[in-house]
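Structure first, commentary second.
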Amino acid sequence: MGSQAPAAAGGGQTQRTQYPYVTGTSVIALKYKDGVIMACDTGASYGSTLRYKSVERIKAVGKHSLIGASGEFSDFQEILRYLDELTLSDHMWDDGNSLGPKEIHSYLTRVMYNRRNKFDPLWNSLVLGGVKKGPKGDEKYLGMVNMIGTHFEENHIATGFGNHLAIPILRAEWREDMTFEEAVKLVEKCLLVLLYRDRSSINKFQIAKITTEGSTIYPPYSLKTYWGFSHFENPAQGAVGSW
Amino acid sequence: MFRNQYDTDVTTWSPQGRLFQVEYAMEAVKQGSACVGLRSRTHAVLAAANKPASELSSYQRKVFRVAEHAGVALAGLTADGRVLSRFLRNECINHSFVYEAPLPVSRLALKLADKAQVCTQRSWKRPYGVGLLVAGLDETGAHLYYNCPSGNYFEYQAFAIGSRSQAAKTFLERRFEGYNDYTPEQLIKDALSAIKETLQAEKLTSSNCTVAIVGRKDDGTIEPFEMIDAKRIQEIIDSMEVAEEAPAEPSSMQEEERGSDAAPMDI
């Protein structure tokens, strides 16, 4: 889906044509008992080539949040720089207040929507999750915002192919107050489906979690896949040939 | 304070290291009619004495809602106060637009103080002639700040500004240590009593005072910043007169407040 801003729009001497070049695929996230869990693979594709295989697409933001991104990786790096400035100036107030996940999500929504209106989008789908102490106890937050500025909050989020392959699973099997182990199992179930069916995914994943204690991004690992289906044996068996 | 050769403009220091224009601006605050503020852990109350300019006129508004979670009471040049209230409202709205969250009160007070400071360091400006009590609620609890024309600001448990505010401060000094655990009703009563001290001869009625409160109830729901209506104020005043005010226990603790007579740079 390329976009070419016509010269007449938005006071443009310059034309902004944007296609994504180096892209990450799905990110999935869900709320569980102690906080939010987020996972994605560590791959970045260059068109149809699986070019980079050790890319971290989930990062911690401040004390209370995690951000995961799919889409153009350089735009994600730019967003991380914005968030760096934001968390730094928040820290510099030095007054006991700190930006929670909801505030960061709102901020990113403003940025993404603004860029879209200038026909110069940041080509990403961002997942923002976190936990912050509120007056009613620990409040878990999970939301997403995409390149056109659409944003919402939910108990489980997926981007890219995850929308089609993971969300149905999450809708069927997500429950309130899952333990960390149960949440990991559910996440791995989704990641496995994505591995089988999304051609831009690779078998190297990172899971991250955020709780009131802080964020943890676990080292990458692989899932076991199974290819021994009888239909995969002797694939040419039923094929019609002309010679 | 007498006229001298160093008080013509705000960017002239006196040999003693004072900025007379700023001090004169603080005098303007002392001439305004009284305001008091007090807070507990969860609620903050502002009260103002309503003094009409003449018998024919109405009184000037001194308590303004700045956002759902914050408000100000001012003393001094109320026109300056109106303009600053507009500034504060704008800052709160801008923050809410980007972050969908209330601007923390300490940051609001800081922005106001920085704005006031600018006017103490430009030769073509004059200091704002108004002192503001900024009260609000954020995630760290209820807060009360006093912003003065010098650009300084302090956090208070309780404070009073304006004419005859010393009487109110004396009253508050005796009782402020218990305020953290006060209920909202107790805070309102003490605010009214403090205002009563500044009225001296006049009787306290709901028509010569304004009271506003903001806070968070025990169950977590927010009570937004709102003026209390006159009828309810009169009820509280009546109940105060019926009940015998128990003599307050003298406190020997240090003052949390700074006397408003100190030169502003004495920090």
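Placing pseudo-labels 7 Å out from each Cα toward the beta carbon at A:His231 and B:Glu226 gives an inter-label distance of 6.4 nm.
Once you've got the Cα coordinates, tell me which of A:Lys33/A:Lys204; B:Lys115/B:Lys217; B:Lys196/B:Lys231; B:Lys30/B:Lys169; A:Lys33/A:Lys132 are over 22 Å apart. The pairs that break the limit, which is 22 Å between Cα atoms, are A:Lys33/A:Lys204; B:Lys115/B:Lys217. Measuring nothing but how far apart in sequence close Cα pairs (under 8 Å, 6+ apart) lie, relative to its length, chain B scores a relative contact order of 24 percent.
Suppose only helical runs count, i.e. DSSP H with n ≥ 4. What mean residue ellipticity at 222 nm does that imply for chain B under -39500 (n - 2.57) per run, divided by all residues and rounded to the nearest 500 deg cm²/dmol?
Working: 6 runs with 88 residues, N = 267.
Calculated from helices alone, the mean residue ellipticity at 222 nm is -10500 deg cm²/dmol.
Just rank A:Thr211, B:Thr205, fewest to most, by other beta-carbon atoms within 10 angstrom. With the fewest neighbours first, A:Thr211, B:Thr205 line up as B:Thr205, A:Thr211. Each Cα pair under 8 Å and six or more residues apart adds its separation to the average, and for the stretch A:103-148 the resulting relative contact order is 43 percent. Between A:Lys53 and A:Lys33, the simple spin-label model (points 7 angstrom out along Cα→Cβ) gives 3.7 nm. Between A:Glu173 and A:Arg81, the distance separating the two model label sites (each 7 Å from Cα on the Cα→Cβ line) works out to 4.0 nm. The gain in end-to-end length when the B:Arg3 to B:Tyr24 segment is fully stretched comes to 6.5 nm, 0.36 nm per residue minus the alpha carbon separation.
Got a sec? How would A:Asp138, A:Asp41, A:Asp75 order by Cβ neighbour count within 10 Å, fewest to most? Walk me through the numbers before you get to the answer.
On the way: A:Asp138 12, A:Asp41 27, A:Asp75 22.
With the sparsest Cβ surroundings first, the list reads A:Asp138, A:Asp75, A:Asp41.
Read-outs throughout are calculated quantities, based only on the coordinates presented, and are distinct from any laboratory measurement. Not measured: the values here are computed from a predicted model. Cβ sites come from the backbone with ideal geometry, for glycine too, and all protein chains shown count toward neighbours.
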